[in-house]
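Remarks on the structure that follows.
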Amino acid sequence: MVKSDAKDLPHDAQTGQALGDHRSLAGTTGKASGTSGGAFGMTGEERLWLTRAWLLGACLISAIAFVNVLTIQHDAPRLGAIRPAIWEASSALITVCIFAIPAAMAFWMVRKQPRWWLAVPAHLVAVFVYSVLHVSGFVVLRKLGHGVILHEGYDFGPLSTEFPYEFRKDMMSYGLATIIYWLALRRSAQKPEALAPAPPATFDIQDGARLIRVPVSEILAVHSAGNYAVFVLADGRRPLTRSSLGAVLQTLAAHGFVRTHKSWLVNTARVTGLTPEGSGDYGVALGDLEVPLSRRFPEALATLRG
């Protein structure tokens, strides 16, 4: 059974390096510090996961916008379909554009891991900027949409009441986006576990009352002796077990063993040479051991020659 076991040269006034000296300054590699050649110092894996997070956020915003359009149509059918579509599309479009702000904050959190007394004020400033950009952006787009499509004006309403209302919603949107980006960046930092090498395949030989477990790679050949199969091992041992050669081949064929003679199986990985012996027969060398290859087994010859 098988188991898977220049000091005098003129110098540059800014860098102090000798003119004509093209070596990198000490402590540099010729690239921007911390960039590893990537945009904004991000690795390829980080960019990939940030893109995935942005796509997820865009899908969520689009779905919410669609549901909101249907809801407004249901609650206020007199508005028609175009006005809600302009309102929600403008908000969604600006949102997916300013997702760069929570993405940048998440990147800062992951890379710098700031203390909470630094992180909280930074997020408060970021979410305020996020909301101002969102509101001002969709107001501009709505004015354009209403003017071009509906030939009418758009009134956002009193800033003192409408902006706080939008700010509350933007806080939720900013927070959710930041969490999604943070999780994506943490995921990108995880290194896949190295796969442990598979243990070598082994074969169990029931030699009388003894069970001998040997690596398949150490079996040079197997030959039949009456009702027994004799295993020729690389270390010189020849244990045997009561079995037909055909039954042994059924197990060992998957490990590169071929039948070269009615009485012999060989491990193709251990073959060191072929010697023609006339009439289509060959001798198969496995180190110091030589076994017959009968012309009646052309598939074996093709395998060994291949």
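Things to note:
- For the stretch 136-148, the count of residues that are closer than 30 Å to I86 by Cβ, surrounded by fewer than 11 Cβ atoms within 10 Å (Cβ to Cβ) and not assigned by TED's automatic domain parsing to the domain that holds V248 is nonzero.
- Failed item, numbered, when Q14 is tested on (1) modelled with pLDDT of 90 or more; (2) surrounded by fewer than 16 Cβ atoms within 10 Å (Cβ to Cβ): (1)
- The single residue among L240, L293, L211 that is surrounded by fewer than 13 Cβ atoms within 10 Å (Cβ to Cβ) and of a type in the set (A, V, I, L, M) turns out to be L211.
- For V125, the test of being out of contact with any Pro (no Cβ under 7 Å at 6 or more places or on another chain), closer than 25 Å to S160 by Cα and not charged (D, E, K, R) is passed.
- Hey, R237 in contact with a strand residue (DSSP E or B) (Cβ under 9 Å, 6 or more places away or on another chain), part of a loop (DSSP other than H, G, I, E, B), more than 28 Å from D207 (Cα to Cα) and not hydrophobic (A, V, I, L, M, F, W, C) or not: no
- Tally of residues being assigned to a strand (DSSP E or B) and of a type outside the set (D, E, K, R) across the stretch 246-280: 13
- Which listed residue, of G41, G57, is over 20 Å from L141 (Cα atoms) and in contact with a Lys or Arg (Cβ under 9 Å, 6 or more places away or on another chain): G41
The values are calculated or read from the model by the stated rules, or taken from the named source; none is laboratory data. Model, not experiment: these values are computed from the prediction. No Cβ is skipped: glycine too gets one built from the backbone with ideal geometry, and neighbour counts run over all protein chains shown.
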